[in-house]
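The values are calculated or read from the model by the stated rules, or taken from the named source; none is laboratory data. Just so we're clear, the structure is a prediction, and the values are computed from it rather than from any experiment. Note: ideal-geometry Cβ built from the backbone for every residue, glycine included; neighbour counts use all protein chains shown. Note: areas computed on protein heavy atoms with side chains; ligands, DNA, RNA excluded. Shrake-Rupley method; radii C 1.70, N 1.55, O 1.52, S 1.80 Å.
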Amino acid sequence: MTQQESDITPSLKVKIVHLQDSTGKVQAIFPFDSMLDIGAITRVSKRRLATINSYNVTSDLLLNTHKVITYIDESLKGKTKLSLKKTDLTKFNSIEAIEINKIFSGSKCYFGDFSIPQDQLKTEVESHEQDEESMLSALGGFQSIRLRQRLEETLELPPLPASSQRIIRLCADENAGTDELCEVISLDPSLAAQVVSWASSPYYGAPGEIESVEDAIIRVLGFDMVMNLALGLSMGKALAVPENGPRHYDNYWLEAVSFASLMEAMVKAMPAKKRPRLGHAYLAGLLHNFGLLAIGAVLPPHFNILSRQLEINAHLPTNLVEVQLLKLSREQIGAWLLRHWDLPDGICNGIRYSKNLAYDGENAIIARMLNVCHNLLNKEDISKASQDMIGLDQKQLQSLYKDLQDNSENIKLMVSLINGN
């Protein structure tokens with residue numbers, strides 16, 4: 001290749017991940033648009049390696065390949081221009097053939113098929129109506145015309161808490177009012193206390209003391225919000241946060257409450273004609289990640305492996321990693337479980353399609369709002385199409401996110417109510 005040709009060749013962006021076990025540290029180098037297959041490295045190294053940085057969306061720095069064992073994906077061989085992190089903590093540096101050869105000729109370098117290109121990763125089935133079959137396939141290829149019963153038996157689904165069952169029945173009653181809701185919530189004293197404490201939070205700034213569930217409904221939160229808040233809080237008791245989950249999901253409920261609070265703020269700021277039901281949007285935010293808890297509960301042997309892969313491949317959408325490993329995503333199993341528990345389609349579809357920007361079916365607005373919440377909390381760009389769909393521009397969305405940050409201490413107080421602290 002001539003110098004002129006080299007000048008116009010685009011740099012291939014690569015990701016570096018630092019891994020370690022009790023023996024020491026290694027690094028892996030692979031294309032940024034690929035998923036690192038830690039299993040392939042395990043087969044070569046005979047070591048149980050885990051990522052050092054539990055949530056590395058960008059890249060670790062390049063270590064000396066003469067001093068640190070380095071696993072390099074075969075697809076990078078022969079490349080004349082790469083972009084990687086050499087020394088700078090934030091920027092990628094472009095390097096060319098001579099320097100690439102020096103790095104790749106390190107005495108501790110090993111080449112192999114250590115990654116899978118993103119366009120070759122498995123994806124979710126298009127419609128939620130096919131999710132049951134996907135989950136059966138993931139669980140061993142059962143075939144039965146009684147898919148729902150077979151799946152329930154196979155998954156050993158946890159029962160829906162009694163308080164949740166009562167609230168769902170109340171949801172179906174068009175004539176239900178404040179008195180009926182107060183009565184249902186009061187049957188669970190701990191839930192009633194949580195609702196009152198939530199309404200008393202400085203986040204809402206209600207004047208005077210909130211002394212009862214009725215007070216919380218009438219003066220602060222409203223009927224719809226209390227119903228869905230109580231439902232979310234009670235359902236949180238059905239599945240425990242797995243102890244061996246991805247380390248960057250250590251505070252599951254902090255993310256859940258942050259999503260719910262952002263969803264609430266967006267609904268209130270949106271043009272009236274675009275607004276979904278506030279309670280549905282709030283509950284979708286609170287339960288958007290519920291599928292991760294479900295995977296931990298029903299697939300414990302695989303959950304540890306999945307968690308480590310999610311840490312290593314934090315640069316990729318979680319659903320791609322999950323479908324590649326499990327044949328299903330948290331959105332699929334979470335939405336299926338919520339649908340099985342008779343939650344409204346608006347919530348189930350919103351969660352199921354929250355990673356699918358092409359989805360334009362029923363309840364697409366809640367799905368897109370959840371996607372925007374993810375982008376805001378992860379400091380990612382929000383597409384113009386998403387801004388137009390929900391009727392809020394980048395400036396308005398950033399203002400809502402700043403308000404959330406300013407209220408971070410109050411959000412943590414609300415999380416402590418869920419955790420019983």
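Shape annotation for the chain: C-alpha extents along the principal axes are 78, 51, 41 Å, from largest to smallest. Where a Cα-Cα gap under 25 Å defines reach, which lysines qualify for Lys67, not counting those fewer than 8 residues away within the same chain? Within the straight-line limit of under 25 Å, Lys67 reaches these lysines: Lys13, Lys15, Lys25, Lys46, Lys77, Lys79, Lys81, Lys85, Lys86, Lys91, Lys102, Lys108.
Evaluated at q = 0.14, 0.23, 0.26 Å⁻¹, the base-10 log of the normalised Debye intensity for region 327-378, with identical point scatterers placed on the Cα atoms, takes the values -0.33, -0.82, -0.98. In the context of the full set of protein chains, residues of region 366-421 present 51 Å² of accessible surface per residue (probe radius 1.4 Å, heavy atoms only). When you restrict to C-alpha pairs under 8 Å that are six or more residues apart and normalise by the size of region 300-421, the relative contact order lands at 12 percent. Taking GluC sites (Glu not before Pro) as exposed when their DSSP state is a loop state and no more than 13 other Cβ atoms lie within 10 Å, the longest site-free interval of the chain runs over 1-125. Principal axis extents of the C-alpha atoms in region 348-421 (largest first, rounded to whole Å): 40, 29, 17. Using the Cβ of Ile100 as centre and a radius below 9 Å, the other residues enclosed give a net charge of +1, where K and R count +1 and D and E count -1.
Plainly put, region 193-293 has a radius of gyration that is 1.00 times its Kirkwood radius, both from alpha-carbon atoms, as the Rg/Rh ratio. When only Cα pairs below 8 angstrom with a gap of at least 6 residues are kept, the chain shows a relative contact order of 16 percent. Note on region 277-421: Rg/Rh from Cα positions, Kirkwood definition for Rh, rounded to two decimals, is 0.97. Tell me the carbon and sulfur percent of the accessible area for the chain, rounded to whole percent, probe radius 1.4 Å. That fraction is 49 percent.
Any chance you could give the angle, 0 to 90 degrees and rounded to 10, that helix 278-287 forms with the longest Cα principal axis of the chain? Long axis of 278-287 versus the principal axis of the chain: about 50 degrees. Per residue of the chain, the DSSP helices (runs of n ≥ 4 H) give a summed -39500 (n - 2.57) that works out to -14500 deg cm²/dmol at 222 nm. Solvent exposure of region 283-347, expressed per residue, is 23 Å² of accessible area, with all protein chains present and a 1.4 angstrom probe.
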